[in-house]
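The values are calculated or read from the model by the stated rules, or taken from the named source; none is laboratory data. The structure presented is a predicted model; accordingly, all values stated were derived computationally and were not measured. Every residue, glycine among them, receives a Cβ derived from its backbone with ideal geometry; neighbour counts consider all protein chains shown. Surface areas here come from the heavy atoms of the whole protein model, side chains and all, with no ligands, DNA or RNA. Shrake-Rupley method; radii C 1.70, N 1.55, O 1.52, S 1.80 Å.
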Amino acid sequence: MGPAGGSARLGRFFGVYLLYCLNPRYQGRVYVGFTVNPARRVQQHNRGRKKGGAWRTSGRGPWEMVLIVHGFPSAVAALRFEWAWQHPHASRRLAHVTPRLRGEAAFAFHLRVLAHMLRAPPWARLPLTLRWLRADFRRELCPPPPPHVPLAFGPPPPRASAPRRLADAVADAETQPDQDPEARCSLCTCALQDEEGPLCCPHPGCPLRAHVICLAEEFLQEEPGQLLPLEGQCPGA
């Protein structure tokens, strides 16, 4: 449902970035934008409005793209994030964020807003990555990002790939010995079928083996309105 351009496809990149102005005349100014190609987009900003840049950045360069948030499932999701970051005072999801303080730099304010956005729904449940493109601009966010949001450095990979944690899980599953045909889920006691890929507790000595859906339901007992858990305590550890 909806146009193809707004749906997530394998290899597509949707990011929301923060520019920082290096021009001494305008130093300290920032700009939030959306892109599917970070390297090309920063060049457009520095070439001016006639070359595809934004009117707010035209003629005020050079601009440096210092960080980008990516991993959005669609262009629409990323654009909504961009709008809220640009207009935190108008977003009902960010009503708890205080306005920019007197003497607070624009860069610091935008990082403060970003910190709260990563903790607010619906963004707190997205598989996002916070990537610093300039490590010397890095600041600790307060509050810190959720545990499932990794911190990365340098340019994004040329094309999307499976998240490292997922790739590791797949590799671990491939190296596991054949599953006991009589094995049962520790939570529902039903048989574990080979194709379901049971989850095992990483704690040494914990015997828990469970269906993915059973463990998800266990973790979501305190969040009945959600479909996917972000974290949880092993019931067998």
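Per-structure values
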quantity	calculated
Residue count for the stretch 63-80, restricted to those that are in a helix (DSSP H, G or I) and open to solvent by less than 10 Å² (accessible area, probe 1.4 Å)	1
Criterion (of a type outside the set (A, V, I, L, M), within 17 Å of the chain's Cα centre (by Cα) and either at pLDDT below 90 or within 27 Å of residue 150 (Cβ to Cβ) (or both)) met by exactly one of 60, 41, 12	12
Which listed residue, of 121, 156, 144, is in a loop (DSSP other than H, G, I, E, B), surrounded by 15 or more Cβ atoms within 10 Å (Cβ to Cβ) and modelled with pLDDT of 80 or more	156
Single match in 89, 116 (criterion: assigned to a helix (DSSP H, G or I) and free of Cβ contacts under 8 Å to residues at least 12 places away in the same chain)	89
Single residue of the stretch 44-57 satisfying the filter (in a loop (DSSP other than H, G, I, E, B) and open to solvent by 50 Å² or more (accessible area, probe 1.4 Å)) that is modelled with the lowest pLDDT	55
Qualifying residue in the stretch 165-180 (condition: under 19 Å from the mean Cα position of the chain (by Cα) and modelled with pLDDT of 85 or more)	no
Filter result for residue 129 (among the polar types (S, T, N, Q), more than 16 Å from residue 29 (Cα to Cα) and either touching a Cys at 6+ places or on another chain (Cβ under 7 Å) or open to solvent by less than 60 Å² (accessible area, probe 1.4 Å) (or both))	yes
Residue within the stretch 206-215 that is part of a helix (DSSP H, G or I), over 25 Å from the mean Cα position of the chain (by Cα), surrounded by 13 or more Cβ atoms within 10 Å (Cβ to Cβ) and at pLDDT 75 or above present	yes
Pair list, Cβ < 9 Å and 6+ apart or interchain, from the stretch 20-39 residues that are in a strand (DSSP E or B) to residues that are hydroxyl-bearing (Ser, Thr, Tyr) and at pLDDT below 90	21/57; 31/57; 33/57
